[in-house]
C-alpha cells in the first residue's frame, strides 16, 4: 500500500504528456542502450521507471507518460525531450534559430527525404552533424578572432555546413551524384534511404573525420564542398576562386 501512495504522488507531481515510441526506441538504440539498461540508468539518476514501461512505450502501446520521464529519456539519449513527445518535427542543429529552421524545413520538404528516415538513423545523423558543427565553429572562431564578427558570420556558415555534412550521410545524395541519370528518370532520393545505409555512412564519415574532429589536423573545406554542398565554397559555388584547403574556404562563404 505505501508503494502505491508514493507512485500516486509521483504521478501527481509530473503531468502526463504524449510520447512517440518510435522516437524513444530509435534514440535509445542510437546511443547503444537497451531498454533494461536504460531503465536501470534512469533509476540510478533518480527517475523511477520499470523496464516494462519502456517496453510499452517503444512498442507504441503507451502513448502518454510522465513528463519527468520523457525529460529524463531525452537527457539520457542526448536529444531534446520535445522531439520525443512529437512537439518538434525534427531535431535542431546548433546555431539555428527560427529563420534558419524555416529555411531548412523548406529544403527538407522539397527533398521529401528526412520524413522517411528511421528514428535511429536520424538521431545518429543529427549527432554526427552537430559534432561536425562544433568543430566548424571552432575553426570559424580562429578565422575571425573578433568574437562579434565570428558570431555575425556563424549563422550562414552553420546553414551551409549542416547541409554539407548531412548530405555526406544521405544515401539519396550519393545516388543522385555518383550514378549517371542522363536520359533516365532518377529515383526518389527517399526511396534509397534505410537505417543501416545512413548509420553505415555516419560511421564511415566519423572515422574519416575523427582527426579533424579531435582538432589534430585541419579540414579541407573545398573538398567537403565539392562532396556535400557547393555553396559552402562561395555564394556562386565557384570552386576555382575558392581557397584550396583549410578554414580560409569558410571565409569565401560570405565574400
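Taken together, the values in this text are just the output of simple stated rules run on the coordinates, not laboratory data. Being a predicted model, the structure only gives us computed values, none of them experimental. Here the Cβ is made from the backbone with ideal geometry for all residues, glycine too, and neighbour counts use every protein chain on show.
Miscellaneous remarks
- Relative compactness, segment 2-85, computed as alpha-carbon Rg over 2.2 N^0.38 Å: 1.00
- With neighbour counts taken as other beta-carbon atoms within 10 Å, the residues 144, 128, 165 rank, fewest first, as 144, 128, 165.
- Note on residue 61/residue 89: beta-carbon distance plugged into 1/(1 + (r/R0)^6) with R0 of 25 Å gives a FRET efficiency of 0.60.
- Note on 173, 50: ascending count of other Cβ atoms within 10 Å places them as 50, 173, the fewest first.
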